[in-house]
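**Student:** One structure follows; several queries about it will come next.
No lab work stands behind these numbers, since they all come straight from the coordinates. Keep in mind the model is a prediction, meaning the values are calculated, not measured. For neighbour counting, all protein chains shown are included, and Cβ atoms are generated from backbone atoms with ideal geometry for every residue, glycine included.
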Ligand code: SF4
């Protein structure tokens, strides 16, 4: 019986070619991508230990130290990200009833030889019912609604309702954590501050640097206003709730989707889509493959094989 993780299906549905590169574990050499994947794995493990311990800081730190023995990642960066996460959310979570973390669920899809596998990052109860939470360690905070039609998240909701049969289930909470911390804005050659709004900065850090360098604050009023208006740039939560009808539709189409993902003869989808531009580390490899270039050579010179998750 073939085991297919909900993430694998999600990857194939988004881009078959990308999913094959991912299955090979290919990550671009000397880029943030390779580090990011293992950072995601470490982040998931640390948050699982943190919630499993009843939200104890020392459990999180022990988990972080343990992962240092498992592979390379930016320890200091992730430590700061996780400590900021705790200070951001701990107070609003103290009353949560943690039910389980990192729980694997398996479902045999009817009419196929496939077992659908899902790993629940966290299931917890709060005053209004039970929620499942999916952690994502990301380089860009998602847009609202970006995950609304995501197969993976719908699959978690369906498995929680129909396989785990969680009583009083309310929905799924997307929990995105940007693997970055706020830093002061860049200083340009002319001594002024860069006003690029894509920088990972904060109003406090901009104002502190203006004061330190004795700059004219008025020149930066618009920049400061834009950064302030952006609000939270490092953490994002969104509740995803699906109706009974949507869940029935999901169930009805599940065998077709599973068969589609499992059919090797379907050509790899290579039409440029929003994922190519936004976040695909395989663009150059994909172009080489599309134009009949030397894929093997490019894989060995520009990529490494890494295990990990976002
Ligand atoms: S560049 Fe686009 S088509 Fe190519 S692998 Fe990436 S997502 Fe798929």
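**Student:** Quick check: Cα centre of the stretch 178-212 to Cα centre of the stretch 91-108, how many Å?
**Tutor:** So the separation of the two Cα centres works out to 37 Å.
**Student:** Would you calculate a helix-derived [θ] at 222 nm for the chain, using -39,500 (n - 2.57) for each DSSP H run of n ≥ 4 and dividing by the full residue count, to the nearest 500?
**Tutor:** Mean residue ellipticity, 222 nm, calculated: -14500 deg cm²/dmol.
**Student:** Note the direction-averaged projected area, equal to a quarter of the hull surface, for the Cα convex hull of the chain, in nm².
**Tutor:** 19.5 nm²
**Student:** If each of residue 76 and residue 183 carries a label point 7 Å out from its Cα toward its Cβ, how far apart are those two points in nm?
**Tutor:** The two pseudo-label positions are separated by 1.1 nm.
**Student:** Quick one: work out Rg over Rh on the C-alpha atoms of the stretch 182-231, Rh as Kirkwood radius.
**Tutor:** Dividing the radius of gyration by the Kirkwood radius yields 0.91.
**Student:** Given a Förster radius of 22 Å and the C-beta distance between residue 128 and residue 88 as r, what FRET efficiency does 1/(1 + (r/R0)^6) yield to the nearest 0.05?
**Tutor:** 0.60
**Student:** Which value in nm describes the separation of the simple spin-label points at residue 23 and residue 215, placed 7 Å from the Cα toward the beta carbon?
**Tutor:** If labels sit at residue 23 and residue 215, their model points lie 5.0 nm apart.
**Student:** While we're on this one: To the nearest 10 degrees, how steep is helix 75-93 against the longest Cα principal axis of the chain, on a 0 to 90 scale?
**Tutor:** 80 degrees
**Student:** Over the chain, what is the relative contact order in whole percent, taking alpha-carbon pairs under 8 Å and six or more residues apart?
**Tutor:** Relative contact order for the chain comes out at 25 percent.
**Student:** Give the angle, between 0 and 90 degrees and rounded to the nearest 10, that separates the Cα long axis of helix 244-262 from the longest principal axis of the Cα atoms of the chain.
**Tutor:** The answer is roughly 80 degrees.
**Student:** Residue 241 to residue 253: extension gain in nm, 0.36 nm per residue of separation minus the Cα-Cα distance?
**Tutor:** 2.4 nm is the gain from fully extending residue 241 to residue 253.
**Student:** Tilt of helix 221-230 relative to the longest C-alpha principal axis of the chain, in degrees (0 to 90, nearest 10)?
**Tutor:** Result, in degrees: 20.
**Student:** Ok, one more. If the elastic network links every pair of Cα atoms under 10 Å, which of 241, 141, 224 fluctuates the most in the Gaussian network model of the chain?
**Tutor:** 224
**Student:** Ok, one more. At 20 °C and 1.002 mPa s, what whole-number value in µm²/s does Stokes-Einstein give for the translational diffusion of the stretch 143-256, with Rh from the Kirkwood sum over Cα pairs?
**Tutor:** 122 µm²/s
**Student:** For residue 106 and residue 66, calculate 0.36 nm times their separation in residues minus their Cα-Cα distance, and state this gained length in nm to one decimal.
**Tutor:** Extra length from residue 106 to residue 66 when fully extended: 11.6 nm.
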